[in-house]
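S.K.: Attaching a single structure in structure tokens format; questions to follow.
The values are calculated or read from the model by the stated rules, or taken from the named source; none is laboratory data. Because the structure is a prediction, the values reported are computed rather than measured. All Cβ positions, even for glycine, are placed from backbone atoms using ideal geometry, and neighbour counts span all protein chains on display. Ligands, DNA and RNA are excluded from the accessible area calculation, which covers all protein heavy atoms including side chains. Shrake-Rupley method; radii C 1.70, N 1.55, O 1.52, S 1.80 Å.
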Amino acid sequence: MDFDLMIDITPLLVKAAWVTVDISARALFFGFIIASALVAMRTSRIPPVRWFARAYISVVRGTPYFVQLLLVFYGGPAVGLRLDPFTCGVVVGAFNIGAYMSEAIRGAIESVDSGQNEASRSLGFGRLQTLQHIILPQAAGLMIRSVGVLAIILVKNSSLVSIISVIELTYQAQRLIGSTYKPLEVFTLSALMYIVIIYAVMGIVEFLYRRATRYAFL
Amino acid sequence: MEFDFSPVIDYLPTLLQGVGVTLLIGLAVAVMSVVGGQIVAVITLYTRKMVNWPLRFFIWLFMTTPLLLQLYFLYFGLGELILIPAIVVGVLGLGFHYMAYNADIFIATIKSVSSGQYEASRSLGFGHLRTLFYVILPQAFYRALPQLSNNMIIMVKDISVLSAIGIGEMVYVSQYAISVTFRPFEFYITIAVIYYLINLMMEAGQTWIERRAAYRR
Amino acid sequence: MVELKGVKKRFGDLEVLKGIDLRVDRGRIISIIGPSGSGKSTLLRSINNLEVIDEGIILLDGVQVNRPDLKGLAFERHINHIRQNMGMVFQHFNLFPHLSTLENVTLAPRKLKGMSAGSARKLGMELLDRVGLADKATSYPSSLSGGQKQRVAIARALAMQPKVMLFDEATSALDPELVEEVNRVMKGLAEEHMTMLIVTHEMAFARDVSDWAMFMDGGVVVEANTPDHLFSHPEQERTQHFLRKHLGAHA
């Protein structure tokens, strides 16, 4: 192992790792909004709205994220959609993870015993009030855990935007392997950074999970 | 804007060849990762910690780093040591990646087979190994099927990533066609549709396998 | 046939078997009753070496079952051979869920005795017929009731033509209305003079089917006698106390 080299390339990789975090965090934020909208659409009273949400989720989950990325970045201009690489990474990442996340959120909501809904409605709460005060607080724990799993997938998926030349961790690693011919050193460092990011995400998820399920420990 | 799918028609034979490569890689990786995952899980569970820690480490490493990074490392790392074709690197890379994920599942399902099953088999006179082969592993396999088939569905989509190291699957052969025809949208849409169809078929297969396996659990 | 001499077993600091002596002759049917924690299940499991005893010896047809002198593979070979001559029936059935009913019965004869698929099938169907489940041969355990599962488990144990059958609370996990069908199969075996050791909490059944009954408590055999005597005129106070409590509930 060439430790001098590893020290030399660390600043470059840290900078690139920050881009990985940045792009993933933004995609997660917008992805959550998209997912919430999809969940709402799936329970809509208007059939075509429900159909659209279902079809969207099915198509996004049924095609590779990588192909979606290439389609939007290279094929987008043909339909008047010109995005810079970073924005493209955020947008496609958000629309992709949103589809998966909507299923996770729906699953968490459905995991709450139906008796809770009936009890709440029998007290006179409306549909939205029941969701807000009764269902969501109970679904929160499971929701946080499954969104956490998706956040980790998002971080790993973000490596694919290197293909459209976003200078994130994997892009930088590949370039450094090419220029230094030291794959082991570069891989060790960049893998370490992914591991740090992923463990940080896991830590945050666990913290939020404990807060959301405090009632279970009282 | 106007679409012109005639270049896609022109390149259809090339594209279909890419589909064939995708499916073959998928088959090879599925076999390698399921069989290998089971072997890794058995070794991990039935040997001492001192012996199996490298396996545990690699399962963990493959699961906490991105596939593309692993592929680059294998491609440039192995490529430096010995001359091997990219497609071998691709199958091995994808194979090891999903072997780790599958091993993780098998470890959990093998553990989940109750001790009563072990006792019943031993009380009939079966030894450790036969109990493992006739009783524990088949049950662990049926229990693993839902997650296992999920992994395989995700895996097939990941084959597209292999284009990054120059393997002639669907995306890679299209990239060549695109560089000549300048029709990225049409080609990528076509690939998306093909992938979607493959995915639909795999999901149907998953439902079918699930139904058949359900009463054996 | 089966003989135990001074059998002791400890779980950590707790001595669960405090020196058990027992002799089961060929064709005899012995019931073991007692409160939970009395050591009766441990005793039965020890005979099959599912629990390894700390002291004493266990013999099957004069061959020592527990062999502290044998290690590793040598002991493996020894115990696998011994176990093929004993049938064990568990409280929770432990049928193999991935195999059909018939396959559950034929797995051991095929793989351990090298029986051909054809004769194993014939044997399996005979045994399933004997427990009244020939029509369920292709069903999987998940589709059977508890009573049916336990009858298949008995057929599975019988398929190795064991010298002795060990029943560990075979009906304890069953709904009350399913107990009878299993009892009937066991009674049938008794009439054919199968050697049987039955751990049970079904007092009436124990009295009816066995020709020797033992009451265990606190890791020792408190009292052993013919069932009529033990159940009608128990001599020890602990036995009287136990029977008063349980006959009331089960009679």
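S.K.: How big is the A/B interface in buried accessible area, both sides summed, 1.4 Å probe, to the nearest 100 Å²?
M.R.: Buried: approximately 3000 Å² between B and A.
S.K.: Further question on the same structure: Near C:ALA120, within a Cβ-to-Cβ distance under 9 Å, what is the net charge of the other residues, with Lys and Arg +1 and Asp and Glu -1?
M.R.: +4
S.K.: With an 8 Å Cα cut-off and a minimum separation of 6 or more residues, compute the relative contact order for the stretch C:193-251 in percent.
M.R.: So the answer I get is 28 percent.
S.K.: Tell me: how much accessible area in total is hidden between B and C, 1.4 Å probe, Å², nearest 100?
M.R.: The summed interface area works out to 2100 Å².
S.K.: Counting only the heavy atoms of the protein chains, how much of B:LEU16 is accessible to a 1.4 Å probe, in Å² to the nearest 10?
M.R.: Here the residue's solvent-accessible area equals roughly 100 Å².
S.K.: Please give the per residue accessible area of the stretch C:114-211, computed with a probe of 1.4 Å over protein heavy atoms only, in Å².
M.R.: Accessible area per residue, the stretch C:114-211: 40 Å².
S.K.: With just the Cα atoms defining each centre, how far is the stretch C:5-72 from the stretch C:82-118? Give it in Å.
M.R.: The two parts, judged by their Cα centres, are 24 Å apart.
S.K.: Report relative contact order for the stretch B:5-215 in percent, whole number only (criteria: Cα-Cα under 8 Å, sequence separation at least 6).
M.R.: Answer for the stretch B:5-215 is 30 percent.
S.K.: Let me ask something else. First check a/c for the stretch A:3-213, with a ≥ b ≥ c the square roots of the eigenvalues of its C-alpha gyration tensor; if it is under 1.5, answer rounded, and if not, answer prolate when a/b is larger than b/c or oblate otherwise.
M.R.: Oblate.
S.K.: Can I ask one more? Counting heavy atoms of the protein chains only and a 1.4 Å probe, report the per residue accessible area for chain A as a whole number of Å².
M.R.: Per-residue accessible area for chain A comes out at 51 Å².
S.K.: Still on this structure, I have one more. Can you give the % of DSSP beta bridges in the protein assembly as shown that are antiparallel, to the nearest 5?
M.R.: That works out to approximately 55 percent antiparallel.
S.K.: Can you list the residues of the stretch B:168-200 whose accessible area drops by at least 50 Å² going from the chain on its own to the full set of protein chains, with a 1.4 Å probe?
M.R.: B:PHE185, B:TYR188, B:TYR196
S.K.: Tally the DSSP beta bridges in the stretch C:2-247 and give the antiparallel ones as a percent, rounded to 5.
M.R.: The answer is about 55 percent antiparallel.
S.K.: Enumerate the amide H contacts of C:GLU223 below 5 Å, restricted to partners 5 or more residues apart or on another chain; note that Pro and chain-start residues carry no placed amide H.
M.R.: Close amide H contacts, sequence-distant or interchain: C:PHE215.
S.K.: Net charge near A:MET193: determine it from the other residues with C-beta under 14 Å of the C-beta of A:MET193, scoring Lys and Arg +1 and Asp and Glu -1.
M.R.: Combined, the nearby Lys, Arg, Asp and Glu give -1.
S.K.: In peptide A:155-162, how many Cβ atoms from other protein chains are near each Cβ within 10 Å, on average?
M.R.: Counting other chains' Cβ atoms within 10 Å and averaging over A:155-162 gives 5.
S.K.: Remind me, relative contact order of chain A in percent, using alpha carbon pairs under 8 angstrom and six or more residues apart?
M.R.: 31 percent
S.K.: While we're here: How many percent of the accessible area of the stretch A:3-213 is carbon or sulfur, using a 1.4 Å probe?
M.R.: 67 percent
S.K.: In whole Å, how far is the Cα centre of the stretch B:101-146 from that of the stretch A:28-78?
M.R.: So the two Cα centres are separated by 40 Å.
S.K.: Can I ask one more? Near the amide H of C:MET165, under 5 Å away, which other amide H atoms are found, from residues 5 or more places off or on another chain, if H is placed in the peptide plane?
M.R.: Placed amide hydrogens put C:GLY87, C:THR195, C:MET196, C:LEU197 under 5 Å from C:MET165.
S.K.: While we're on this one: Among A:143-152, C:86-95, how do they line up from the highest to the lowest mean number of other beta-carbon atoms within 10 Å?
M.R.: Listed from highest to lowest mean packing, they are C:86-95, A:143-152.
S.K.: What does the structure give for B:125-134 when I average, per residue, the other chain Cβ atoms found within 10 Å of the residue Cβ?
M.R.: 5
S.K.: Something else: Could you give the Stokes-Einstein D for the protein assembly as shown in µm² per second, using the C-alpha Kirkwood radius, 37 °C, 0.692 mPa s?
M.R.: Reported coefficient: 110 µm²/s.
S.K.: Under a cut-off of 28 Å between alpha-carbon atoms, report the lysines in cross-link reach of C:LYS136, not counting same-chain residues fewer than 8 places apart.
M.R.: Reachable lysines: C:LYS111, C:LYS113, C:LYS122, C:LYS149, C:LYS163, C:LYS187.
S.K.: Related question: Report, in deg cm²/dmol and to the nearest 500, the calculated mean residue ellipticity at 222 nm for the protein assembly as shown, where each DSSP H run with n ≥ 4 adds -39500 (n - 2.57) and the sum is divided by the residue count.
M.R.: -21500 deg cm²/dmol
S.K.: Provide the net charge surrounding C:ASP21, with neighbours chosen by a C-beta distance below 9 Å and charges set as Lys +1, Arg +1, Asp -1, Glu -1.
M.R.: Cβ neighbours under 9 Å give a net charge of +1.
S.K.: Report the per residue volume, in Å³, of the convex hull enclosing the C-alpha atoms of the stretch A:1-121.
M.R.: Dividing the Cα hull volume of the stretch A:1-121 by its residue count gives 174 Å³.
S.K.: For the stretch B:5-215, what is the convex hull volume of the alpha-carbon atoms per residue, in Å³?
M.R.: About 136 Å³ per residue, rounded to a whole number.
S.K.: A further question follows. Determine the percent antiparallel among the DSSP beta bridges restricted to the stretch C:113-251, to the nearest 5.
M.R.: Taking every DSSP beta bridge with both residues in the stretch C:113-251, the antiparallel ones total about 50 percent.
S.K.: Looking at chain C, I'd like the Rg to Rh ratio, where Rg is from alpha-carbon atoms and Rh is Kirkwood's inverse mean 1/r.
M.R.: Here Rg/Rh amounts to 0.97.
S.K.: On to the next question. Grab the beta carbon distance between B:TRP60 and C:LYS8, set R0 = 60 Å, and tell me the FRET efficiency rounded to 0.05.
M.R.: The value I calculate is 0.85.
S.K.: Take C:ASP54, B:ASP10 and sort them by solvent-accessible surface of the protein heavy atoms, 1.4 Å probe, largest at the top.
M.R.: Output order, biggest surface exposure first: B:ASP10, C:ASP54.
S.K.: Using a 10 angstrom cutoff on alpha carbons, build the Gaussian network for chain A and name the most mobile of A:SER102, A:SER36, A:SER120.
M.R.: The residue that fluctuates most here is A:SER120.
S.K.: Please name the residues of the stretch C:137-159 whose accessible area, counted over protein heavy atoms with a 1.4 angstrom probe, falls by no less than 50 Å² between the chain alone and the full protein assembly.
M.R.: C:TYR140
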